[in-house]
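In what follows, a structure is listed as structure tokens, so that the remarks can point back to it.
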Amino acid sequence: MKTLQIYIFTALISFLAMTTQVFSQDKIYDTDRLLNNETVHEVLIYPNPSLSDKFNVKSEDLIVSVEVLNVIGQRVAKVVNTTGVPYNMFVNIPDCEAGIYMVRITFADKKKIIKKIMVK
């Protein structure tokens, strides 16, 4: 029985060594980026789900633009940050239907994050 436990433990350690993502609560970090001291941007989209066609995107990093894409990848809205204020961007999706949309956030360092939002 001890041999089986050691084998399972060794297999688990080998599997964990191959993974490149670290899970922390509801966040996923790529360990390659963390090891290379790359910036990991955090974004909050609220309210989510949205009861209207308006929502906010919040980050401590400078957001250059926010694009809203429908489920087939068509851009339905784009907001460009002209103020230089990184903390909060207001987004309005004109004539949107209820559903799930992807929000592509571009930062000043050219990195992008894609989040989902539900519009009711």
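Here are the numbers for this structure:
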| read-out | value |
| --- | --- |
| Residues located in region 75-100, provided they are without any contact (Cβ under 8 Å) to a residue 12 or more places away in the chain and farther than 14 Å from Ile114 by Cα | Thr82, Thr83, Val85 |
| Number of positions in region 61-103 that are under 20 Å from Pro47 (Cβ atoms), among the hydrophobic types (A, V, I, L, M, F, W, C) and part of a strand (DSSP E or B) | 13 |
| Which numbered condition Ile72 misses (of (1) more than 12 Å from Ile117 (Cβ to Cβ); (2) among the aliphatic types (A, V, I, L, M); (3) buried (at least 17 other Cβ atoms within 10 Å of the Cβ)) | (3) |
| Residue in region 40-69 that is nearest to Ile100 (Cα to Cα), counting only those that are surrounded by fewer than 16 Cβ atoms within 10 Å (Cβ to Cβ) and charged (D, E, K, R) | Lys54 |
| Candidates Tyr46, Tyr87 - the one that is at pLDDT 85 or above and in contact with a strand residue (DSSP E or B) (Cβ under 7 Å, 6 or more places away or on another chain) | Tyr46 |
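The values are calculated or read from the model by the stated rules, or taken from the named source; none is laboratory data. Everything numeric here is computed off the predicted structure, so don't read it as measured data. We place every Cβ from the backbone using ideal geometry, glycine too, and count neighbours over all the protein chains shown.
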